[in-house]
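The values are calculated or read from the model by the stated rules, or taken from the named source; none is laboratory data. Note that the coordinates shown come from a computational prediction; the quantities given were computed from them, not determined experimentally. We place every Cβ from the backbone using ideal geometry, glycine too, and count neighbours over all the protein chains shown. Ligands, DNA and RNA are stripped out before the accessible areas are found, and what is left, the full protein with its side chains, is counted by its heavy atoms. Shrake-Rupley method; radii C 1.70, N 1.55, O 1.52, S 1.80 Å.
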Amino acid sequence: MNEFIFFFNSVVINGAVIGSIYAMGAIGVTLVFGILRFAHFAHADMMTLGAFLVLILTALFPAVGPAIGLPTAFVMMPLAMVATAFIAVGIDKLFYKKLRENNVKPVVMVMASVGVTLMLQGLIRFFAGTGTQSLYIDDRKAIFRIDLPFESASRNLVVTEPQLLLFLSLVFAVVALHLFLNKSRLGKAMRAMSDNPDLAKVSGINTNTVVGVTWIIAGALACAAGTLLSLDVTLKPDLSFMILLPIFAAAIVGGVGSPYGALAGGFVVGLTETLAVFNWTFVLRPLEQAIPALDLPNTLAFVPTEYKITIPFFILLAILIWRPTGLFKGKII
């Protein structure tokens, strides 16, 4: 039972946490691709930028959170989401809109997004430095231990407050996005433009409005994902480097252009990554008592922790070879 609880804490909970982050980031990536037809590599840097905006607001109003019993960074997150959304719209007007008006090829848009990535990274490092930051200033991270009715030396499920807030935020975001895309007139216009941009334009749909709303949603979700990840760990200027490939892998695994596929892809990539670096010696240790000749090493993992970034590469290659449209039959890239 000790081994099972350790496995649940280390793999199921942690895998669900990182999968939720990947899913929230991948939804923004897949929305941009579905509407604008290019891979926005600067999305991960929007996540980092949004988290740093939250840090600034938290430093300005550190006592707000403790007054209502929530982390100040989480309370400030909606304001930062609005700011990040408008920054995303501004970046589109400054860089991408002119390229779209000139009907450039998608690869040019991708290269422009790489330029935006480098610009954002430089600005973040210039103003915030290169060290790690904590989003907790006048408050502390709460840890909840859930007792299980088992006779075990270690019978607690461990969940942190940021993880609970992450799960609740993801559920809220998915439900709200589902209702918006399926019930609102603007959401239906976004789906129509995603299916056939030319037909949507001749049908009278205001494509500029659809593009603006797409960037607003993508920017807000990027800020939320970056903030919730930084609340659970730490905030680093190179956060985007570690998160970029997994969120793109999640979007492709689920099906590029499908928000629901991005959700599923995020959990697939997150859980697979966690399983690959998990030390299976802890789970298999009871076998040594049953099989005396069995001598397990101290560390038994499919991939060393320092190489876990390779896992999304393998998942990405496997999906592109086996099912290019992804699990939910998105657009072929």
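General remarks:
- Test result for Lys308, loosely packed, with under 15 Cβ neighbours inside 10 Å, among the basic types (Lys, Arg) and at pLDDT below 85: no
- The set of residues in region 108-126 being in contact (Cβ under 8 Å) with a residue 40 or more places away in the chain and over 15 Å from Met46 (Cα atoms) consists of Met109, Val110.
- Condition met for Ile291 (within 28 Å of Leu36 (Cα to Cα), among the hydrophobic types (A, V, I, L, M, F, W, C) and either modelled with pLDDT under 80 or surrounded by 13 or more Cβ atoms within 10 Å (Cβ to Cβ) (or both)): no
- Filtering Ala16, Ala59, Ala39, Ala63 for residues that are open to solvent by 10 Å² or more (accessible area, probe 1.4 Å) and in contact with an Asp or Glu (Cβ under 7 Å, 6 or more places away or on another chain) leaves a single hit, Ala63.
- Criterion violated by Arg100 - all others in (1) at pLDDT below 85; (2) within 19 Å of His43 (Cα to Cα); (3) not polar (S, T, N, Q) satisfied: (1)
- Meets criteria (out of contact with any Gly (no Cβ under 8 Å at 6 or more places or on another chain) and closer than 15 Å to Val110 by Cα) for Ala42: yes
- Scanning region 126-153 for residues that are assigned to a helix (DSSP H, G or I) and at pLDDT below 85 gives a single hit, Ala128.
- Among the candidates Phe8, Phe33, residue that is open to solvent by 20 Å² or more (accessible area, probe 1.4 Å) and out of contact with any Leu (no Cβ under 7 Å at 6 or more places or on another chain): Phe33
- Qualifying positions in region 197-245 - open to solvent by less than 20 Å² (accessible area, probe 1.4 Å) and in contact with a Pro (Cβ under 8 Å, 6 or more places away or on another chain): Leu228, Leu231
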